[in-house]
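The values are calculated or read from the model by the stated rules, or taken from the named source; none is laboratory data. Everything numeric here is computed off the predicted structure, so don't read it as measured data. Neighbour counts run over all protein chains shown; Cβ positions are idealised from the backbone, glycine included.
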Amino acid sequence: KANAAVNIQPAAQGGAAPPAAAPAASAAASEKIGDGMYLITGGYAAIVVDFKDHITIVESGQSEARGLAIIAEAKRLIPNKPITYVVNTHCHIDHSSGLRAAVAEGATILTHSLNKAYLEKTLSVPHTLNPDEAQKNGRKPVVEAVVGEKKVLTDGTRTIELHHLQKFGHHDGMLVVYLPKEKILLEADGYNPQPATA
C-alpha cells in the first residue's frame, strides 16, 4: 500500500540490539597538487586548500563516513586551522551525503543558488534513529549560495574559482572548480572516460 503509516522506534535500552552505527570512517589518502593544495583520494575526489586563516574543502564525499575521513585528512595535512568552507558541486546524493559531516564540523557549505533551499531542508532533517555527528552535537546547517555565474575565494595568495556550468544536462545547479595558479579543474559527472578496451 502506497504511503502506509509507519511508526519506527529505536530499540529500547537493555532490550533488542540498538540501531546499527554508521560505518567507521576509513582513512583517506592524499597527494600534494600544489603549494597548500591537496587531492584526497580513495573514493570520490576532494580537494583541500590551505588559506591563511582557514581550510576550504571542495566536495564532501558520498557518505558521512567519507565526509568524516576527508575532514580528518584535511586536519592532518593542515593542523590548527578551522574548516570554514565546504564546496558542494551539486546536490545529487552521491555528492551531498557527506555534507552532514561538514555541518557537524561547523563549516559553511557553498553551493549554487539552485541547490540552496534543497540542501538547507535536507541537512536540517533530524537523524534520531541512527544519530550522526551533526545530530549529536546539535549543529545546524549554514548554506551559502553562489549567485550568478562565478564566485572567487582568495586570500591574496591562493585562489579558488567557482563557476556555474551552464547548459549541462546532468544538473542545472552544477559548479565546477578551477584553481588558476595550478591550472587544475575539478568537475563532477561531466566527463567519465570509458575503460580502455583491449
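Listed by first and then second residue, the pairs with beta-carbon distance under 6 Å, at least 6 apart or on different chains, first residue in segment 176-198 and more than 11 Å from V58 (Cα to Cα), second among the β-branched types (V, I, T) and part of a strand (DSSP E or B), are P180/T159. For first residues located in segment 93-106 and farther than 18 Å from P82 by Cβ, partners that are aromatic (F, W, Y) and lie 6+ apart or on another chain with Cβ distances below 8 Å form the pairs D94/Y44; H95/Y44.
Do you know which of the residues in segment 142-162 that are more than 10 Å from T111 (Cα to Cα) and part of a loop (DSSP other than H, G, I, E, B) is modelled with the lowest pLDDT? Taking the candidates together, the pick is G148. Residues of segment 154-175 that are buried (at least 18 other Cβ atoms within 10 Å of the Cβ) and either hydrophobic (A, V, I, L, M, F, W, C) or without any contact (Cβ under 8 Å) to a residue 24 or more places away in the chain (or both): I160, L162, H163, L165, M174, L175. Filter segment 105-116 down to the residues that are at pLDDT 95 or above and in a helix (DSSP H, G or I), then identify the one that is nearest to E64 (Cα to Cα). Across segment 105-116, the extreme among qualifying residues is E105. Criterion applied to I33, I40 was being of a type in the set (A, V, I, L, M, F, W, C), over 18 Å from A134 (Cβ atoms), assigned to a strand (DSSP E or B) and free of Cβ contacts under 8 Å to residues at least 60 places away in the same chain, and the one residue passing it is I40.
Identify, please: which residue in segment 43-59 is within 15 Å of the chain's Cα centre (by Cα) and not in a strand (DSSP E or B) and is, among those, farthest from K183 (Cα to Cα)? Selected residue: G43.
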